[in-house]
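Note sheet for the following structure.
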Amino acid sequence: MSDAAAAALSISDEVAIQIIGMHKWYGDFHVLKDINLTVNRGERIVICGPSGSGKSTMIRCINRLEEHQRGKIIVDDIELTNDLKNIAEIRREVGMVFQHFNLFPHLTVLENCTLAPIWVRKMPKKEADEIGMQYLERVKIPEQADKYPGQLSGGQQQRVAIARSLCMNPRIMLFDEPTSALDPEMISEVLDVMVGLAESGMTMLCVTHEMGFARKVANRVIFMDGGEIIEENEPEEFFNNPQSARTQLFLSQIL
Ligand code: ADP
Ligand code: MG
C-alpha cells in the first residue's frame, strides 16, 4: 500500500476475529496447537508457512468448514459452537476464496454471483443481478457475465470467485492460496483485485506465498509451522529481521 501510515490508521480497535487457545485434531493428529490470534477490523493479515503447517485448517476453522476441539473462536462477537444458527450467521459475514475457484460449472458467471444472494439472502433477482454486475465490474470482467466458467481463463475464474463472495457483502474475507493454481501471467490480475479490496478497508486473512503482495498490502505477516504460530510481525520486520530459525529457513527457501 502506498502510504503505510495512513493504511495503519484505517485499522479500527473493533475486533473482527478472536482465536483463544484453539486446538484441533484430525483423529489422533494434533494439527493446530494453541492458536491465539486477534484480528482487528480493517487488518490485512498474510499467513505463510511450509506445506502441511496447518494454514488452510486454521482459516477453514474461522468459518467452520472445519471444527476445532478446544479453545474459542469468536467472529464478529459470535462464538463458533455447534449452534447451527451461529454458523449460518458467521458464514454470511465471512467470504472465502479457495485455490481451486469452486465455481458452479453449469451456471453462468452472473448466475454464480447471484445464487447465494437470491437463495440465502432472499434478494429479488433484479437487485441481485444489479449487484452481481457491479462486482463483476469491480473485478474488471463485466463482459464475461453470460459465459460459463469453463470458457474463462483461470485468472478470470478466480476474479469471478472473488466477485461472487463480495455479492454477499461480507465483513471479512478469507483467501486460501488464491493464486497458487494460476499460470504466472494471471497472478497479478488476481492480486490487483485483492489490493483494491484491501484499499477499500476490507478485513482480510490471506494464505499466500506471494511475498510482494505481503509487503505491499499486509499490516501483519504470520508464520506457521507444525500447527503453531511461530512468529508474527509487520512485513518489513518480518522479512528483514526474522527471529526464529524456522522462519529464516522458510524465507531462504521462498525468497
Ligand atoms: P497447509 O494449508 O499449511 O498446507 P493443511 O491445513 O492443509 O496445511 O494441513 C495440515 C496438516 O493436516 C497436514 O499434515 C495435512 O495432511 C493434514 N490434514 C489436512 N486435512 C486433513 C483431513 N481432512 N484429515 C486428516 N488430515 C488432514
Ligand atoms: Mg493449504
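The values are calculated or read from the model by the stated rules, or taken from the named source; none is laboratory data. Keep in mind that this is a model prediction, so the values were computed, not measured. Positions of Cβ are generated from backbone atoms using ideal geometry, with glycine treated the same way; all protein chains shown enter the neighbour counts. Ligands, DNA and RNA are excluded from the accessible area calculation, which covers all protein heavy atoms including side chains. Shrake-Rupley method; radii C 1.70, N 1.55, O 1.52, S 1.80 Å.
Given the conditions (1) more than 16 Å from ligand 2 (Cβ to nearest atom); (2) open to solvent by less than 10 Å² (accessible area, probe 1.4 Å); (3) among the β-branched types (Val, Ile, Thr), report the number of the one that THR38 does not fulfil.
So THR38 meets the others, but not (2).
Give just the number: which of (1) within 16 Å of ligand 1 (Cβ to nearest atom); (2) surrounded by 14 or more Cβ atoms within 10 Å (Cβ to Cβ); (3) of a type in the set (D, E, K, R) does ASP28 not satisfy?
Failed condition: (2).
Within the set of pairs 6 or more residues apart or between chains, which connect a residue that is in contact (Cβ under 8 Å) with a residue 40 or more places away in the chain and of a type outside the set (D, E, K, R) inside region 225-242 to a residue that is in a helix (DSSP H, G or I) and surrounded by fewer than 17 Cβ atoms within 10 Å (Cβ to Cβ) with Cβ atoms less than 8 Å apart?
PRO235/ARG215
Do we find that GLU232 is under 20 Å from the mean Cα position of the chain (by Cα), closer than 21 Å to ILE35 by Cβ and away from ligand 2 (no atom under 16 Å from the Cβ) in this structure?
Here the answer is yes, as GLU232 does meet what is asked.
Of the conditions (1) open to solvent by less than 40 Å² (accessible area, probe 1.4 Å); (2) under 28 Å from GLN144 (Cβ atoms); (3) more than 16 Å from ligand 2 (Cβ to nearest atom), GLY71 clears all except one; give me its number.
Unmet condition: (2).
Output the residue which, of all residues in region 41-61 that are within 20 Å of LYS72 (Cα to Cα) and open to solvent by 40 Å² or more (accessible area, probe 1.4 Å), is nearest to ligand 2 (Cβ to nearest atom).
SER56
Would you point out which residue out of GLU89, GLU79 is free of Cβ contacts under 8 Å to residues at least 24 places away in the same chain, more than 26 Å from GLY227 (Cα to Cα) and more than 16 Å from ligand 2 (Cβ to nearest atom)?
From the options GLU89, GLU79, the qualifying one is GLU89.
Any chance region 163-170 includes a residue that's touching a residue at least 40 places away in the same chain (Cβ under 8 Å) and under 21 Å from THR57 (Cα atoms)?
yes
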